[in-house]
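I have placed the structure first, in the form of C-alpha cells, so that the comments after it can refer back to it.
Any read-out appearing in this document is the output of simple, stated calculations on the displayed coordinates, not a laboratory observation. Remember, predicted model here, so these are calculated numbers, not experimental data. Note: ideal-geometry Cβ built from the backbone for every residue, glycine included; neighbour counts use all protein chains shown.
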Amino acid sequence: MSALAFPAPDVPHHRGRRADAVVDHLIELIVSGVVPPGSSLPVESALCEAFGVSRTVVREAIKSLEAKGLLKVRQGVGTLVSAQESWNLLDPALLTAIVRHDERYDILDQLVDVRTSLESSMAREAARKATPADIAELRDLMAQLDAAVGEPDLLDDIDVTFHERIMLVSGNRLGRAIVHTVHAEARRSPRYVGHSALKHRRQSNRQHRAVLEAIAAGDPDAAASLMAEHIATSWQRRRPAGPHRPAG
C-alpha cells in the first residue's frame, strides 16, 4: 500500500508508547490525505511488519483510532478510513494534525467561530455572576497585560489567563472545556498565533479593558458583544489572506 511506502516512525520499546507512535503516524497519513476516507488499511500482519510491532500493539492502535472516529472495522471487509464527518475534532492529537494541514484555514476559521460564540456567552454570564473579588482579579490581570504590552510572548500567556478567568467566573464548565481544548491545540500553530505589531497589542488590550469594564458594570449584553468583537477582530488581524477570505 502506498501509505506504507512512507518510513515508519521510530517505535519506542514500551508497548503503550509503541501504540501511541503507530496512532500518531496513521493520523498523519489519514489527515494529510495519503490514506483518504473510504480506503482500507493493510491487514494486521502487514501493519505489524511495517511498524515492527506486535499484533497486540497494532490492535491497541486500531482501537484508539476507532475511538477518534478515524477508522471503522467491518467484519469480512477490513479496516476502513471513516468519512471526515465521523472524526472527533475535539481529540487533541487529531485536532493538532488537522490544524497542521489546514492550508485553507477552514478549521481555524471554524475554531474562531466556536470561540467567539462560546466565550461571548460566557462573558455574558460573567457579567451576571462576577463578585468584587472576581473583578479585582481581572483588574490585576489587566494591569499585567498593560505592563507586558512590549513583550509579546509574556503578553500572550497573560491574555490566555485573562480569558480563562472570565470563563471560570461564568461557571460554564463544558463551554470552558471545549474552548480550552480547541484553543490549546490551535495555539501550537504559528499560523494561528501569528505576529502581532505593537499597535495591535495595544488595541487588544483596549478591547480586554472594555470587556472587563462591561463585566464590572454588570452589563451582560455589552460584555458579550465586546468579547465577540475582540476575538473576531484579533483573528482578522492575524489571519493571512486566503482563497475565501481576502485580507483587509
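Farthest towards the positive end of the charge dipole of the chain, among the residues Ser121, Met167, Ser196, is the Cα of Ser121, using unit charges on the Cβ of Lys, Arg, Asp and Glu.
In this label model, Asp153 and Ala83 are separated by 4.5 nm, measuring between points 7 Å along each Cα→Cβ vector. How much of the calculated P(r) for the chain lies past 33 Å, in percent of all Cα pairs? Within the chain, distances greater than 33 Å cover 35 percent of Cα pairs. To the nearest 0.05, what FRET efficiency results for Ala217 and Val114 with a Förster distance of 22 Å applied to their C-beta separation? Efficiency computed from Cβ-Cβ geometry: 0.25.
Net length available on complete extension from Arg128 to Glu164 is 11.3 nm, with 0.36 nm assigned per residue and the Cα-Cα distance removed. Charge dipole (Cα centre; +1 on Lys/Arg Cβ, -1 on Asp/Glu Cβ; no other charges) of the stretch 104-238 amounts to roughly 240 debye. Charge dipole of the stretch 36-164 (Cα centre as origin; +1 on each Lys and Arg Cβ, -1 on each Asp and Glu Cβ, all else neutral): 940 debye, rounded to the nearest 20. With the charge dipole of the chain set up from +1 on Lys and Arg Cβ and -1 on Asp and Glu Cβ about the Cα centre, the Cα lying farthest toward the positive end among the listed residues Ala83, Val23, Leu141 is that of Ala83. Taking the longest Cα principal axis of the chain as reference, the axis of helix 55-67 is set at about 40 degrees. Summarising the label geometry, the points placed 7 Å from Cα in the beta-carbon direction at Asp106 and Arg139 lie 4.8 nm from one another.
Report the gain in length on full extension from Arg209 to Lys72: 0.36 nm times residue separation, minus Cα-Cα distance, nm rounded to one decimal.
44.5 nm
Diffusion of the stretch 104-238 by Stokes-Einstein, at 25 °C in a medium of 0.890 mPa s and with Rh set to the Kirkwood radius over alpha-carbon pairs, works out to 166 µm²/s. The angle separating the long axis of helix 15-31 from the principal Cα axis of greatest extent in the chain is about 80 degrees.
Fully extending the segment from Arg187 to Ser39, taken as 0.36 nm per residue of separation minus the present Cα-Cα distance, adds 50.1 nm. Positive contributions from Lys and Arg (+1) and negative ones from Asp and Glu (-1), summed over other residues with Cβ under 9 Å from the Cβ of Ala126, come out at +2. Loop-located GluC sites (Glu not before Pro) across the stretch 89-181 with a Cβ neighbour count of 15 or fewer within 10 Å are Glu103, with loop assigned by DSSP. Rounded to the nearest 10 degrees, the angle from helix 152-170 to the longest Cα principal axis of the chain is 80 degrees.
Dipole size of the chain about its Cα centre, with +1 on Lys/Arg Cβ and -1 on Asp/Glu Cβ: approximately 200 debye, rounded to the nearest 20.
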